[in-house]
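The values are calculated or read from the model by the stated rules, or taken from the named source; none is laboratory data. Being a predicted model, the structure only gives us computed values, none of them experimental. Cβ: placed from backbone, ideal geometry, glycine included. Neighbour counts: every protein chain shown. Just the protein is used for accessible areas: all its heavy atoms, side chains included, with ligands, DNA and RNA removed. Shrake-Rupley method; radii C 1.70, N 1.55, O 1.52, S 1.80 Å.
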Amino acid sequence: MGTRNYRRKTSHSDHGPGDGGRTGSWRVERPVLNTSLCIPCKRKTEACFMCWLFCPEVVISRTIPPAINLEYCKGCGICAEECPTKAITMVDEAAFSEEDKDKE
Amino acid sequence: MHIIENGNVAAALGVKLCRANVIAAYPITPQTPLTEKLSEYVESGEMKAEYIPVESEHSALAVCIAASSAGARSFTATSANGLLYMHEQVQWAAGARLPIVMCVVNRAVGAPWNVWNDQQDSISQRDTGWIQMYCSDHQQIIDSVIKAYWLAEKVSIPIMVCYDGYILSHTYMPFDAPDQEQVDAFLPPFKPDYALNTEKPANLNTVTLPDVRMDVRGELAHGYMEIRYLLQEEMRAALAVAAEAEKRFADIFGRGGDPYIEPYLCDDAEYIAVGLGSLTYQLRVCVDALRKEGLKVGVMGVRFYRPFPDVAIANALKGKKGVIVFEKALSYGYEGALVSDLKSALYEHLAGTGDLPMVQNFIAGIGGRDIRTEDLTQTLRAATKSRVAKEPVWIGLKL
(Lines give C-alpha, C1' and ligand atoms only; values in the text may rest on other atoms or scores of the structure.)
Protein backbone atom coordinates (compact mmCIF):
# COMPACT_ATOMS: atom_id res chain seq x y z
CA MET A 1 0.00 0.00 0.00
CA GLY A 2 1.31 3.45 -0.89
CA THR A 3 0.82 6.96 0.42
CA ARG A 4 -1.83 8.07 -2.12
CA ASN A 5 -4.43 8.75 0.56
CA TYR A 6 -2.08 10.33 3.09
CA ARG A 7 -3.70 13.42 4.52
CA ARG A 8 -1.00 15.87 3.42
CA LYS A 9 0.83 16.60 0.20
CA THR A 10 3.89 18.11 1.81
CA SER A 11 6.50 17.07 4.33
CA HIS A 12 4.63 17.78 7.54
CA SER A 13 5.48 16.05 10.77
CA ASP A 14 3.88 16.32 14.14
CA HIS A 15 6.05 16.30 17.25
CA GLY A 16 6.83 12.95 18.83
CA PRO A 17 9.23 10.08 18.41
CA GLY A 18 9.80 8.97 14.85
CA ASP A 19 8.76 12.09 12.96
CA GLY A 20 11.96 11.83 10.96
CA GLY A 21 11.74 8.11 10.25
CA ARG A 22 13.58 5.18 11.94
CA THR A 23 16.61 7.25 12.80
CA GLY A 24 18.02 4.42 14.94
CA SER A 25 19.47 2.96 11.75
CA TRP A 26 21.80 5.97 11.52
CA ARG A 27 23.57 5.00 14.75
CA VAL A 28 27.26 4.14 14.81
CA GLU A 29 27.63 4.03 18.59
CA ARG A 30 25.01 2.85 21.07
CA PRO A 31 24.47 4.39 24.54
CA VAL A 32 24.67 1.74 27.26
CA LEU A 33 23.49 2.55 30.79
CA ASN A 34 25.30 1.25 33.88
CA THR A 35 22.52 1.21 36.51
CA SER A 36 25.05 0.90 39.35
CA LEU A 37 26.27 4.42 38.54
CA CYS A 38 22.94 6.01 37.48
CA ILE A 39 21.61 8.42 40.17
CA PRO A 40 17.85 7.59 40.03
CA CYS A 41 18.70 3.86 39.89
CA LYS A 42 20.99 4.05 42.91
CA ARG A 43 18.67 6.24 45.00
CA LYS A 44 15.49 4.56 43.71
CA THR A 45 13.94 8.00 43.42
CA GLU A 46 13.15 10.47 40.65
CA ALA A 47 16.29 12.54 40.41
CA CYS A 48 18.88 13.84 37.95
CA PHE A 49 17.40 12.74 34.56
CA MET A 50 19.96 14.88 32.77
CA CYS A 51 19.96 12.28 29.96
CA TRP A 52 16.18 12.65 29.55
CA LEU A 53 16.49 16.44 29.61
CA PHE A 54 19.26 16.72 27.05
CA CYS A 55 18.31 14.00 24.55
CA PRO A 56 17.56 15.97 21.36
CA GLU A 57 15.44 13.13 20.00
CA VAL A 58 13.35 12.71 23.19
CA VAL A 59 14.04 8.98 23.15
CA ILE A 60 15.07 8.60 26.82
CA SER A 61 12.25 8.05 29.30
CA ARG A 62 11.88 9.74 32.67
CA THR A 63 11.68 6.40 34.45
CA ILE A 64 13.74 4.27 36.83
CA PRO A 65 15.85 3.08 35.15
CA PRO A 66 15.76 5.53 32.20
CA ALA A 67 14.94 3.57 29.03
CA ILE A 68 16.53 4.43 25.70
CA ASN A 69 14.41 3.82 22.59
CA LEU A 70 16.98 2.40 20.18
CA GLU A 71 14.53 2.55 17.28
CA TYR A 72 15.05 6.30 17.14
CA CYS A 73 18.30 6.94 19.06
CA LYS A 74 20.79 8.31 16.52
CA GLY A 75 23.73 7.64 18.81
CA CYS A 76 24.73 11.29 19.10
CA GLY A 77 26.26 10.71 22.54
CA ILE A 78 24.87 13.83 24.22
CA CYS A 79 23.40 11.72 27.06
CA ALA A 80 26.81 10.17 27.76
CA GLU A 81 28.43 13.60 27.65
CA GLU A 82 25.88 15.13 30.07
CA CYS A 83 25.60 12.24 32.56
CA PRO A 84 27.24 13.58 35.78
CA THR A 85 28.26 10.09 36.97
CA LYS A 86 29.42 8.75 33.59
CA ALA A 87 26.78 6.05 33.83
CA ILE A 88 26.25 6.06 30.06
CA THR A 89 28.99 4.93 27.71
CA MET A 90 28.94 4.91 23.94
CA VAL A 91 29.75 1.47 22.57
CA ASP A 92 30.60 0.71 18.94
CA GLU A 93 27.58 -0.90 17.23
CA ALA A 94 29.94 -3.54 15.83
CA ALA A 95 30.20 -4.90 19.37
CA PHE A 96 26.57 -6.01 19.22
CA SER A 97 25.68 -9.16 17.34
CA GLU A 98 23.32 -9.15 14.35
CA GLU A 99 20.86 -10.93 16.62
CA ASP A 100 20.92 -8.03 19.09
CA LYS A 101 20.40 -5.54 16.30
CA ASP A 102 17.34 -7.41 15.09
CA LYS A 103 15.82 -7.08 18.55
CA GLU A 104 15.92 -3.27 18.40
CA MET B 1 -13.52 51.83 -13.43
CA HIS B 2 -11.36 52.63 -16.45
CA ILE B 3 -8.10 54.34 -15.60
CA ILE B 4 -4.87 55.16 -17.38
CA GLU B 5 -1.83 53.90 -15.52
CA ASN B 6 1.42 52.03 -16.03
CA GLY B 7 1.85 48.26 -15.85
CA ASN B 8 3.47 48.31 -12.42
CA VAL B 9 0.50 50.21 -10.99
CA ALA B 10 -1.85 47.71 -12.66
CA ALA B 11 -0.02 44.93 -10.78
CA ALA B 12 -0.05 46.87 -7.49
CA LEU B 13 -3.77 47.56 -7.80
CA GLY B 14 -4.38 43.86 -8.40
CA VAL B 15 -2.46 42.97 -5.24
CA LYS B 16 -4.38 45.58 -3.24
CA LEU B 17 -7.74 44.34 -4.55
CA CYS B 18 -6.74 40.77 -3.60
CA ARG B 19 -6.21 42.00 -0.02
CA ALA B 20 -2.71 40.52 0.28
CA ASN B 21 -1.76 40.34 3.97
CA VAL B 22 2.02 40.37 3.70
CA ILE B 23 4.24 42.05 1.12
CA ALA B 24 8.00 41.63 1.20
CA ALA B 25 10.11 42.89 -1.64
CA TYR B 26 13.49 44.34 -2.48
CA PRO B 27 13.50 47.06 -5.13
CA ILE B 28 15.08 46.31 -8.49
CA THR B 29 14.60 48.01 -11.83
CA PRO B 30 12.10 47.74 -13.53
CA GLN B 31 10.02 46.28 -10.69
CA THR B 32 10.72 49.18 -8.27
CA PRO B 33 7.64 51.35 -8.97
CA LEU B 34 5.40 48.33 -8.25
CA THR B 35 6.78 47.83 -4.76
CA GLU B 36 6.90 51.59 -4.15
CA LYS B 37 3.20 51.81 -5.00
CA LEU B 38 2.41 48.94 -2.63
CA SER B 39 4.38 50.55 0.18
CA GLU B 40 2.42 53.77 -0.44
CA TYR B 41 -0.88 51.87 -0.16
CA VAL B 42 0.23 50.31 3.13
CA GLU B 43 1.73 53.52 4.55
CA SER B 44 -1.39 55.56 3.76
CA GLY B 45 -3.64 52.94 5.34
CA GLU B 46 -5.37 52.36 2.03
CA MET B 47 -4.25 48.76 2.25
CA LYS B 48 -4.28 46.72 5.46
CA ALA B 49 -1.14 44.67 5.09
CA GLU B 50 2.28 44.17 6.59
CA TYR B 51 4.94 45.60 4.30
CA ILE B 52 8.22 44.03 5.35
CA PRO B 53 11.32 45.71 3.94
CA VAL B 54 14.15 43.22 3.50
CA GLU B 55 17.83 43.34 2.63
CA SER B 56 17.64 41.00 -0.36
CA GLU B 57 15.36 39.09 -2.70
CA HIS B 58 16.31 35.83 -1.02
CA SER B 59 14.91 37.25 2.22
CA ALA B 60 11.88 38.71 0.44
CA LEU B 61 10.74 35.29 -0.66
CA ALA B 62 11.79 33.74 2.67
CA VAL B 63 9.43 36.21 4.40
CA CYS B 64 6.63 35.29 1.99
CA ILE B 65 7.27 31.57 2.61
CA ALA B 66 7.01 32.08 6.38
CA ALA B 67 3.96 34.33 6.06
CA SER B 68 2.21 31.95 3.71
CA SER B 69 2.99 29.03 6.06
CA ALA B 70 1.24 31.04 8.77
CA GLY B 71 -1.82 31.42 6.56
CA ALA B 72 -1.21 34.92 5.18
CA ARG B 73 -1.83 35.81 1.54
CA SER B 74 1.65 36.85 0.46
CA PHE B 75 3.12 38.83 -2.39
CA THR B 76 6.54 39.66 -3.72
CA ALA B 77 7.93 40.95 -6.98
CA THR B 78 11.31 41.08 -8.62
CA SER B 79 13.27 41.18 -11.86
CA ALA B 80 16.37 39.65 -13.42
CA ASN B 81 19.25 39.12 -10.96
CA GLY B 82 16.85 39.62 -8.06
CA LEU B 83 14.93 36.56 -9.23
CA LEU B 84 18.18 34.65 -9.69
CA TYR B 85 19.24 35.57 -6.16
CA MET B 86 15.89 34.17 -4.94
CA HIS B 87 16.33 30.93 -6.83
CA GLU B 88 16.87 28.66 -3.81
CA GLN B 89 13.74 29.98 -2.10
CA VAL B 90 11.82 29.82 -5.39
CA GLN B 91 12.29 26.05 -5.40
CA TRP B 92 11.47 25.89 -1.69
CA ALA B 93 8.13 27.71 -2.07
CA ALA B 94 7.03 25.21 -4.72
CA GLY B 95 8.08 22.12 -2.74
CA ALA B 96 6.34 23.57 0.33
CA ARG B 97 3.23 24.06 -1.87
CA LEU B 98 2.67 27.66 -0.76
CA PRO B 99 0.29 29.76 -2.90
CA ILE B 100 2.54 32.82 -3.13
CA VAL B 101 2.05 35.17 -6.06
CA MET B 102 5.12 36.94 -7.44
CA CYS B 103 5.29 39.43 -10.27
CA VAL B 104 8.37 39.02 -12.43
CA VAL B 105 8.94 42.22 -14.36
CA ASN B 106 11.03 40.70 -17.14
CA ARG B 107 14.57 42.00 -17.56
CA ALA B 108 17.81 40.67 -18.99
CA VAL B 109 20.21 38.93 -16.61
CA GLY B 110 23.86 39.77 -16.06
CA ALA B 111 26.61 39.46 -17.09
CA PRO B 112 27.10 41.89 -18.65
CA TRP B 113 24.99 44.21 -16.53
CA ASN B 114 21.86 45.29 -18.35
CA VAL B 115 18.60 46.70 -17.04
CA TRP B 116 16.50 46.38 -20.21
CA ASN B 117 13.86 43.88 -21.17
CA ASP B 118 14.10 40.28 -22.26
CA GLN B 119 12.66 37.14 -20.66
CA GLN B 120 15.74 35.16 -19.71
CA ASP B 121 15.01 35.74 -16.00
CA SER B 122 11.65 33.98 -15.72
CA ILE B 123 12.44 31.41 -18.42
CA SER B 124 15.48 30.36 -16.40
CA GLN B 125 13.06 29.53 -13.53
CA ARG B 126 10.96 27.23 -15.72
CA ASP B 127 11.80 24.04 -13.84
CA THR B 128 11.25 25.30 -10.28
CA GLY B 129 7.68 24.03 -9.88
CA TRP B 130 6.00 27.43 -10.17
CA ILE B 131 3.11 28.17 -12.47
CA GLN B 132 4.11 30.85 -14.99
CA MET B 133 1.64 33.23 -16.63
CA TYR B 134 2.68 35.80 -19.26
CA CYS B 135 0.85 39.08 -19.84
CA SER B 136 0.58 41.05 -23.07
CA ASP B 137 -1.01 44.26 -21.79
CA HIS B 138 -1.99 46.14 -18.64
CA GLN B 139 -5.46 44.61 -18.44
CA GLN B 140 -3.89 41.17 -18.46
CA ILE B 141 -1.48 42.19 -15.69
CA ILE B 142 -4.18 43.22 -13.21
CA ASP B 143 -6.48 40.37 -14.23
CA SER B 144 -3.69 37.80 -14.06
CA VAL B 145 -2.73 38.85 -10.53
CA ILE B 146 -6.34 38.37 -9.40
CA LYS B 147 -6.73 35.03 -11.21
CA ALA B 148 -3.32 33.93 -9.93
CA TYR B 149 -4.33 34.19 -6.27
CA TRP B 150 -7.48 32.15 -6.87
CA LEU B 151 -5.63 29.49 -8.85
CA ALA B 152 -2.58 29.35 -6.55
CA GLU B 153 -4.74 28.87 -3.47
CA LYS B 154 -6.90 26.28 -5.24
CA VAL B 155 -3.96 24.08 -6.28
CA SER B 156 -1.42 25.05 -3.57
CA ILE B 157 1.22 26.00 -6.12
CA PRO B 158 2.96 29.40 -6.29
CA ILE B 159 2.56 31.53 -9.41
CA MET B 160 4.80 33.95 -11.29
CA VAL B 161 2.90 36.62 -13.16
CA CYS B 162 5.42 37.73 -15.80
CA TYR B 163 5.27 40.96 -17.79
CA ASP B 164 7.81 42.76 -19.93
CA GLY B 165 9.93 45.41 -18.22
CA TYR B 166 9.43 48.98 -19.52
CA ILE B 167 7.33 47.88 -22.51
CA LEU B 168 4.52 47.09 -20.07
CA SER B 169 5.85 48.11 -16.66
CA HIS B 170 6.58 51.75 -17.50
CA THR B 171 4.14 52.55 -20.30
CA TYR B 172 0.69 54.02 -19.65
CA MET B 173 -2.42 52.37 -21.02
CA PRO B 174 -6.12 52.45 -20.24
CA PHE B 175 -7.48 49.42 -18.40
CA ASP B 176 -10.39 48.47 -16.21
CA ALA B 177 -9.57 48.38 -12.50
CA PRO B 178 -12.28 46.13 -11.04
CA ASP B 179 -14.38 47.07 -8.01
CA GLN B 180 -13.42 45.67 -4.63
CA GLU B 181 -16.84 43.96 -4.42
CA GLN B 182 -16.20 42.09 -7.67
CA VAL B 183 -12.79 40.90 -6.52
CA ASP B 184 -14.18 39.87 -3.12
CA ALA B 185 -16.87 37.86 -4.91
CA PHE B 186 -14.22 36.18 -7.07
CA LEU B 187 -11.56 35.57 -4.44
CA PRO B 188 -12.55 34.19 -1.02
CA PRO B 189 -10.19 34.67 1.95
CA PHE B 190 -7.15 32.35 1.98
CA LYS B 191 -7.85 29.22 4.03
CA PRO B 192 -4.84 26.91 4.04
CA ASP B 193 -5.02 23.21 4.98
CA TYR B 194 -2.62 23.93 7.81
CA ALA B 195 -1.33 27.23 9.11
CA LEU B 196 1.41 27.55 11.73
CA ASN B 197 -0.31 27.22 15.06
CA THR B 198 1.25 27.05 18.54
CA GLU B 199 -1.65 24.85 19.70
CA LYS B 200 -0.85 22.32 16.96
CA PRO B 201 2.91 22.54 16.40
CA ALA B 202 4.44 20.81 13.41
CA ASN B 203 7.72 20.47 11.59
CA LEU B 204 7.38 21.64 7.99
CA ASN B 205 9.68 20.41 5.24
CA THR B 206 12.33 18.94 7.48
CA VAL B 207 14.69 16.24 6.25
CA THR B 208 12.47 13.93 4.23
CA LEU B 209 14.01 10.57 3.52
CA PRO B 210 14.30 8.87 0.15
CA ASP B 211 11.75 6.26 1.20
CA VAL B 212 8.28 6.50 2.74
CA ARG B 213 8.00 6.37 6.53
CA MET B 214 5.52 5.85 9.33
CA ASP B 215 4.49 9.13 10.92
CA VAL B 216 3.82 9.59 14.66
CA ARG B 217 0.24 8.41 14.15
CA GLY B 218 1.45 5.21 12.52
CA GLU B 219 0.20 6.29 9.08
CA LEU B 220 2.43 5.78 6.05
CA ALA B 221 3.74 9.24 5.12
CA HIS B 222 5.25 10.34 1.82
CA GLY B 223 8.94 10.18 1.07
CA TYR B 224 10.59 12.97 -0.92
CA MET B 225 9.72 11.30 -4.21
CA GLU B 226 5.98 11.08 -3.50
CA ILE B 227 5.88 14.77 -2.51
CA ARG B 228 7.64 15.76 -5.72
CA TYR B 229 5.43 13.47 -7.82
CA LEU B 230 2.34 15.12 -6.34
CA LEU B 231 3.71 18.53 -7.34
CA GLN B 232 4.05 17.32 -10.94
CA GLU B 233 0.66 15.61 -10.92
CA GLU B 234 -1.16 18.61 -9.46
CA MET B 235 0.72 21.02 -11.70
CA ARG B 236 -0.60 19.10 -14.72
CA ALA B 237 -4.09 19.04 -13.16
CA ALA B 238 -3.79 22.82 -12.64
CA LEU B 239 -4.43 23.27 -16.38
CA ALA B 240 -8.06 22.27 -15.86
CA VAL B 241 -8.28 24.46 -12.75
CA ALA B 242 -6.93 27.40 -14.77
CA ALA B 243 -9.84 26.94 -17.18
CA GLU B 244 -12.19 27.02 -14.19
CA ALA B 245 -10.51 30.23 -13.00
CA GLU B 246 -10.93 31.79 -16.44
CA LYS B 247 -14.63 30.90 -16.57
CA ARG B 248 -15.27 32.13 -13.03
CA PHE B 249 -13.45 35.34 -13.85
CA ALA B 250 -15.43 35.87 -17.05
CA ASP B 251 -18.72 35.30 -15.18
CA ILE B 252 -17.91 38.00 -12.63
CA PHE B 253 -15.83 40.51 -14.60
CA GLY B 254 -17.28 39.99 -18.07
CA ARG B 255 -13.99 39.47 -19.87
CA GLY B 256 -11.65 36.62 -20.61
CA GLY B 257 -11.04 34.03 -23.27
CA ASP B 258 -8.97 30.97 -23.82
CA PRO B 259 -7.11 30.37 -20.54
CA TYR B 260 -3.99 28.98 -22.22
CA ILE B 261 -3.42 30.69 -25.54
CA GLU B 262 -4.42 33.94 -27.17
CA PRO B 263 -4.95 33.43 -30.91
CA TYR B 264 -5.20 36.30 -33.38
CA LEU B 265 -6.35 35.57 -36.96
CA CYS B 266 -5.35 31.93 -36.50
CA ASP B 267 -8.42 30.11 -37.83
CA ASP B 268 -7.61 30.34 -41.54
CA ALA B 269 -3.90 30.97 -41.11
CA GLU B 270 -1.32 28.75 -42.79
CA TYR B 271 1.55 30.18 -40.77
CA ILE B 272 1.39 31.11 -37.11
CA ALA B 273 3.81 33.23 -35.16
CA VAL B 274 4.09 32.21 -31.50
CA GLY B 275 5.52 34.07 -28.52
CA LEU B 276 5.19 35.07 -24.86
CA GLY B 277 4.06 38.47 -23.63
CA SER B 278 3.95 41.86 -25.29
CA LEU B 279 5.91 40.68 -28.34
CA THR B 280 2.79 38.84 -29.53
CA TYR B 281 0.85 42.13 -29.64
CA GLN B 282 3.62 43.70 -31.71
CA LEU B 283 3.41 40.66 -34.00
CA ARG B 284 -0.27 41.46 -34.58
CA VAL B 285 0.83 44.59 -36.42
CA CYS B 286 3.09 42.44 -38.64
CA VAL B 287 0.28 39.97 -39.25
CA ASP B 288 -2.09 42.80 -40.26
CA ALA B 289 0.50 44.07 -42.77
CA LEU B 290 1.20 40.63 -44.21
CA ARG B 291 -2.50 39.86 -44.52
CA LYS B 292 -2.74 42.87 -46.86
CA GLU B 293 -0.09 41.17 -49.01
CA GLY B 294 -2.31 38.10 -49.14
CA LEU B 295 -0.24 35.98 -46.76
CA LYS B 296 -2.34 33.81 -44.50
CA VAL B 297 -0.61 34.44 -41.19
CA GLY B 298 -1.78 34.61 -37.59
CA VAL B 299 -0.23 35.01 -34.16
CA MET B 300 -0.69 33.04 -30.98
CA GLY B 301 0.37 34.21 -27.54
CA VAL B 302 1.09 31.56 -24.93
CA ARG B 303 -0.45 32.77 -21.65
CA PHE B 304 0.47 29.76 -19.55
CA TYR B 305 4.01 28.53 -19.90
CA ARG B 306 3.99 26.18 -16.89
CA PRO B 307 2.00 24.01 -16.69
CA PHE B 308 2.56 23.79 -20.44
CA PRO B 309 -0.77 23.69 -22.32
CA ASP B 310 0.48 21.07 -24.79
CA VAL B 311 -2.96 19.90 -25.95
CA ALA B 312 -4.28 23.43 -26.56
CA ILE B 313 -1.10 24.34 -28.45
CA ALA B 314 -1.09 21.19 -30.58
CA ASN B 315 -4.78 21.65 -31.42
CA ALA B 316 -4.22 25.29 -32.38
CA LEU B 317 -1.27 24.46 -34.62
CA LYS B 318 -2.57 21.21 -36.13
CA GLY B 319 -2.36 21.13 -39.92
CA LYS B 320 -0.66 24.53 -40.23
CA LYS B 321 2.13 24.79 -42.78
CA GLY B 322 4.52 26.56 -40.46
CA VAL B 323 4.99 27.74 -36.91
CA ILE B 324 7.40 30.58 -36.25
CA VAL B 325 8.42 30.95 -32.62
CA PHE B 326 9.81 34.31 -31.50
CA GLU B 327 11.56 34.38 -28.14
CA LYS B 328 13.28 36.87 -25.86
CA ALA B 329 15.24 34.10 -24.13
CA LEU B 330 16.99 30.90 -24.97
CA SER B 331 18.44 27.75 -23.54
CA TYR B 332 22.10 28.36 -24.35
CA GLY B 333 23.60 25.55 -26.34
CA TYR B 334 20.38 24.67 -28.14
CA GLU B 335 17.46 26.97 -28.91
CA GLY B 336 14.61 28.91 -27.31
CA ALA B 337 13.01 27.05 -24.39
CA LEU B 338 9.50 27.74 -25.71
CA VAL B 339 10.25 26.30 -29.15
CA SER B 340 11.64 23.11 -27.60
CA ASP B 341 8.52 22.69 -25.48
CA LEU B 342 6.27 23.50 -28.41
CA LYS B 343 7.97 20.97 -30.68
CA SER B 344 7.67 18.37 -27.96
CA ALA B 345 3.91 19.01 -27.77
CA LEU B 346 3.55 18.81 -31.56
CA TYR B 347 5.51 15.56 -31.70
CA GLU B 348 3.46 14.08 -28.86
CA HIS B 349 0.08 14.92 -30.35
CA LEU B 350 0.64 15.14 -34.11
CA ALA B 351 3.56 12.88 -35.07
CA GLY B 352 2.60 10.55 -37.87
CA THR B 353 -0.68 12.34 -38.65
CA GLY B 354 0.60 14.41 -41.57
CA ASP B 355 -0.55 17.52 -39.65
CA LEU B 356 2.87 18.32 -38.23
CA PRO B 357 3.89 21.89 -39.14
CA MET B 358 7.42 23.01 -39.88
CA VAL B 359 8.82 24.92 -36.88
CA GLN B 360 11.31 27.80 -36.98
CA ASN B 361 12.84 29.76 -34.13
CA PHE B 362 13.87 33.41 -33.92
CA ILE B 363 15.50 35.16 -31.00
CA ALA B 364 14.77 38.88 -30.58
CA GLY B 365 15.17 41.76 -28.19
CA ILE B 366 17.90 40.22 -26.03
CA GLY B 367 19.05 42.77 -23.44
CA GLY B 368 16.47 45.26 -24.69
CA ARG B 369 17.72 45.39 -28.30
CA ASP B 370 15.01 47.31 -30.11
CA ILE B 371 12.64 44.99 -31.93
CA ARG B 372 11.68 46.89 -35.07
CA THR B 373 8.27 45.99 -36.42
CA GLU B 374 9.67 46.13 -40.00
CA ASP B 375 12.30 43.52 -39.04
CA LEU B 376 9.68 41.28 -37.45
CA THR B 377 7.45 41.62 -40.50
CA GLN B 378 10.32 40.83 -42.87
CA THR B 379 11.33 37.83 -40.75
CA LEU B 380 7.79 36.51 -40.70
CA ARG B 381 7.43 37.06 -44.45
CA ALA B 382 10.67 35.19 -45.16
CA ALA B 383 9.70 32.36 -42.80
CA THR B 384 6.50 31.76 -44.75
CA LYS B 385 8.46 31.42 -48.03
CA SER B 386 10.95 28.80 -46.90
CA ARG B 387 12.90 27.56 -43.93
CA VAL B 388 15.27 30.36 -42.98
CA ALA B 389 17.80 28.30 -41.02
CA LYS B 390 18.10 25.17 -38.91
CA GLU B 391 19.56 27.00 -35.92
CA PRO B 392 17.63 29.81 -34.19
CA VAL B 393 18.20 33.12 -35.99
CA TRP B 394 18.85 36.27 -33.96
CA ILE B 395 16.87 39.21 -35.32
CA GLY B 396 18.64 42.57 -35.39
CA LEU B 397 22.05 41.14 -34.57
CA LYS B 398 24.85 43.46 -35.73
CA LEU B 399 27.81 41.06 -35.84
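Remarks
- Once the 1.4 Å probe is applied to the protein heavy atoms, the protein assembly as shown comes out at 46 Å² accessible per residue.
- Violating pairs (Cα-Cα greater than 22 angstrom) within the set B:Lys16/B:Lys191; B:Lys318/B:Lys343; A:Lys74/B:Lys200: A:Lys74/B:Lys200
- The modelled label-to-label distance for the pair B:Val216/A:Asn34, using points 7 Å beyond Cα in the direction of Cβ, is 3.5 nm.
- Rounded to whole Hz, the Karplus (6.51, -1.76, 1.60) HN-Hα couplings of the stretch B:165-177, x for glycine and proline: x, 6, 3, 10, 5, 10, 9, 9, 8, x, 7, 8, 8
- Between B:Ser278 and B:Asp164, the built amide H atoms are under 5 Å apart, and every one of these is 5 or more places off in sequence or on another chain.
- Principal axis box of chain B, alpha-carbon based, largest edge first, Å: 70, 51, 46
- Subtracting the Cα-Cα distance of B:Glu244 and B:Glu36 from 0.36 nm times their residue separation leaves 71.6 nm of extension gain.
- Extension reserve of the B:Ala237-B:Gln182 stretch, reckoned as 0.36 nm per residue once the Cα distance is removed: 17.1 nm
- Geometric descriptor of the stretch B:1-99, per residue, is 94 Å³ (volume of the convex hull of the Cα atoms).
- In the stretch B:261-394, inverting the average of 1/r over every pair of distinct C-alpha atoms gives 14.6 Å as the Kirkwood radius.
- The heavy atoms of B:Trp92 present about 110 square angstrom of accessible area, all protein chains included, probe 1.4 Å.
- Helix B:373-385 axis, angle to chain B major axis (alpha carbon atoms, nearest 10°): 70 degrees
- Among the protein heavy atoms of the protein assembly as shown, carbon and sulfur supply 54% of the accessible surface, probe 1.4 Å, non-protein parts ignored.
- Summed buried accessible surface, chains A and B, 1.4 Å probe, nearest 100 Å²: 2200 Å²
- Cα centroid of the stretch B:329-343 to Cα centroid of the stretch A:18-92, whole Å: 57 Å
- Centroid-to-centroid, using Cα positions, the stretch B:267-290 and the stretch B:123-146 are 20 Å apart.
- Along principal axes, Cα extents of chain A, largest first, whole Å: 51, 31, 20
- With bins 20 Å wide beginning at 0, the percent of Cα pairs of the protein assembly as shown falling in each bin runs 21, 44, 23, 11, 1, 0.
- Placed amide H near B:Ile52: partners under 5 Å, 5+ positions off or other chain: B:Ile23, B:Ala24, B:Ala25
- For the stretch B:117-239, fraction of C-alpha pairs farther apart than 20 Å, in %: 61 percent
- Relative contact order for the stretch B:2-186, counting Cα pairs under 8 Å that sit 6 or more residues apart, in percent: 30 percent
- Kirkwood hydrodynamic radius of the stretch B:2-186, from inverse mean 1/r over distinct Cα pairs, in Å: 15.8 Å
- Helix B:32-43 axis, angle to chain B major axis (alpha carbon atoms, nearest 10°): 30 degrees
- Couplings 3J(HN,Hα) of the stretch A:51-57, computed from phi: 4, 4, 5, 8, 4, x, 9 Hz, in residue order, whole Hz [Karplus 6.51 cos²θ - 1.76 cosθ + 1.60, θ = phi - 60°; x for Gly and Pro].
- To the nearest ten degrees, helix B:80-95 and the longest principal axis of the Cα atoms of chain B are 60 degrees apart.
- Here the 3J(HN,Hα) profile of the stretch B:138-149, calculated from phi with Karplus coefficients 6.51, -1.76 and 1.60 at θ = phi - 60°, is 5, 4, 5, 5, 5, 5, 5, 4, 5, 4, 4, 4 Hz, Gly and Pro shown as x.
- FRET efficiency for B:Ala111 and B:Gln91, using Cβ-Cβ distance with R0 set to 25 Å, rounded to 0.05: 0.60
- Over every Cα atom in the stretch B:81-146, the radius of gyration and the widest Cα-Cα span, Dmax, amount to 12.5, 35 Å.
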